[in-house]
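The next block holds one structure in the form of structure tokens; read it before the comments.
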Amino acid sequence: MVKKMISVIVPIYNVYNYLEKCLNSIINQTYKNLEIILIDDGSTDGCGKMCDNYKELDNRIVVVHQKNCGLSNARNKGIEIAKGNLISFVDGDDYLELNMFDELKKNMDKYNSDISIGHYYYLKNDKRIIREKIKKLSFVSTGYNKFCNIQNEYENLTVFSWGKIYKREIFNNIRYPEGRIYEDSYIICNVLKEANRVSYLIKPLYNYCYRSDSIVNTFDINHFDKIDANNKKIVFFLKNDYLDLALKEKNKKMNNIIINLSKMKSYRIKNKKVFNKYYKELLDTNKEVKWKDASKKVKLFKIFRRPYISVLAIMYRVKDLIKK
């Protein structure tokens, strides 16, 4: 029986030192029926040439060169040209275990799922760490339970775009929001809504490489996109009468605003308009989260308000000084 084709979409931007390992881990997969779509998103460090060289070595590779438009645009471009029955995303600075697609496809078939999700290693300073210690080996989620997995120990496994295979039709009417970071979080509810069954295989198959200079590990005003993604999820949960999930997401939203406002002060980012906008949003959401439902950070904010943000800012500054 001919195996279904998996279209592997790899957005690439200035990750030359990581790209060879990434591409080798894809072309050497034990699952061979792959379409490997490399989106060179305006790289200036030689990644584009490396993509072309790999295309000469493997006829499964498709290369697209474009001006720098961002991660979301690169993923969307890959979705549009993908020919496979299944889709997977790999970031150009990460790499895969060589049996990842075989394992995820078997788990998809086992549960007749529309999305198959694996676990991952977190790589920092050449050490591979399993951050989420989950005992269950494999399972499937349907209905309301699909969305619970955004709120529990499976959150990262569920929200991150990579480390999964999706049936192609999941993305028939879904695209990543361009010009945003935390793009995975923006669309996760819609992605899960399109899937009748979501299966999990709690086995590390993807290697996520921590980079201190990556977008999500540095701070600027764009990190408030995370709060806008929280709002998207809150609206979705309320619309579907998942009131408990909406409440948890409001806690997360408050935590994220508190952290971001503290970092603004810590890094001396002077933007009064942004600060006041999200501080007001913090106060408004604070009225909706009762003391008994509040997280520790939210409770501290309820007691101390703005001074608590200033104290956190000092703590972030001290941590940065210690690192240096």
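At-a-glance table
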| item | result |
| --- | --- |
| Residue under evaluation A229, criteria (1) of a type outside the set (D, E, K, R); (2) surrounded by 20 or more Cβ atoms within 10 Å (Cβ to Cβ); (3) farther than 30 Å from A313 by Cα, criterion not met | (3) |
| Residue tally, condition assigned to a loop (DSSP other than H, G, I, E, B), surrounded by fewer than 15 Cβ atoms within 10 Å (Cβ to Cβ) and touching a residue at least 12 places away in the same chain (Cβ under 8 Å), over the stretch 50-89 | 4 |
| Residue among I26, I37 that is part of a strand (DSSP E or B) and either in contact with a Pro (Cβ under 7 Å, 6 or more places away or on another chain) or crowded, with 20+ Cβ neighbours inside 10 Å (or both) | I37 |
| Some residue of the stretch 88-99 being farther than 26 Å from I234 by Cβ, β-branched (V, I, T) and at pLDDT below 95 | no |
| Exclusive hit being at pLDDT below 95 and either touching a strand residue (DSSP E or B) at 6+ places or on another chain (Cβ under 6 Å) or assigned to a loop (DSSP other than H, G, I, E, B) (or both), set S212, S199, S161 | S212 |
| Residues located in the stretch 229-265, provided they are more than 26 Å from T218 (Cβ to Cβ), within 21 Å of the chain's Cα centre (by Cα) and of a type in the set (A, V, I, L, M, F, W, C) | I234, V235, F236, F237, L245, A246 |
| Residue ID - nearest to Y144 (Cα to Cα), chosen from residues in the stretch 216-239 that are touching a helix residue (DSSP H, G or I) at 6+ places or on another chain (Cβ under 9 Å) and either free of Cβ contacts under 8 Å to residues at least 24 places away in the same chain or β-branched (V, I, T) (or both) | L238 |
| Hits in the stretch 163-215 (condition: touching a helix residue (DSSP H, G or I) at 6+ places or on another chain (Cβ under 7 Å) and of a type in the set (S, T, N, Q)) | S185, S199 |
| Helices (runs of 4 or more DSSP H) completely within the stretch 222-324 that count 1 or more residues being among the aromatic types (F, W, Y) | 225-239, 272-288, 296-304, 306-323 |
| Of residues in the stretch 24-57 being of a type in the set (D, E, K, R) and within 21 Å of I6 (Cα to Cα), the one farthest from the chain's Cα centre (by Cα) | E56 |
| Selection count, the stretch 112-131, where residues are farther than 20 Å from D93 by Cα and not small (G, A, S) | 3 |
| Residue in the stretch 278-301 that is surrounded by the most Cβ atoms within 10 Å (Cβ to Cβ), counting only those that are touching a residue at least 12 places away in the same chain (Cβ under 8 Å) and closer than 21 Å to S266 by Cα | F301 |
| Single unsatisfied condition, R168 versus (1) surrounded by 22 or more Cβ atoms within 10 Å (Cβ to Cβ); (2) in the same structural domain as Y13 (by TED's automatic domain parsing) | (1) |
| Filter result (of a type outside the set (D, E, K, R) and in contact with a strand residue (DSSP E or B) (Cβ under 7 Å, 6 or more places away or on another chain)) within the stretch 86-98 | L86, I87, S88, F89, V90, G92, Y95, L96 |
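Rundown of residues vs (1) farther than 27 Å from E249 by Cα; (2) touching a residue at least 60 places away in the same chain (Cβ under 8 Å); (3) outside any loop (DSSP other than H, G, I, E, B), yes/no style:
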{"site": "L104", "(1), (2), (3)": "yes, yes, yes"}
{"site": "D109", "(1), (2), (3)": "yes, no, yes"}
{"site": "I134", "(1), (2), (3)": "no, yes, no"}
{"site": "F139", "(1), (2), (3)": "no, yes, yes"}
{"site": "N152", "(1), (2), (3)": "no, no, no"}
{"site": "Y166", "(1), (2), (3)": "no, yes, yes"}
{"site": "N173", "(1), (2), (3)": "no, no, no"}
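The values are calculated or read from the model by the stated rules, or taken from the named source; none is laboratory data. The shown structure was predicted, so the numbers you read here are calculated from the model rather than taken from an experiment. Counting neighbours? That spans all protein chains shown, and the Cβs are built from the backbone with ideal geometry, glycine included.
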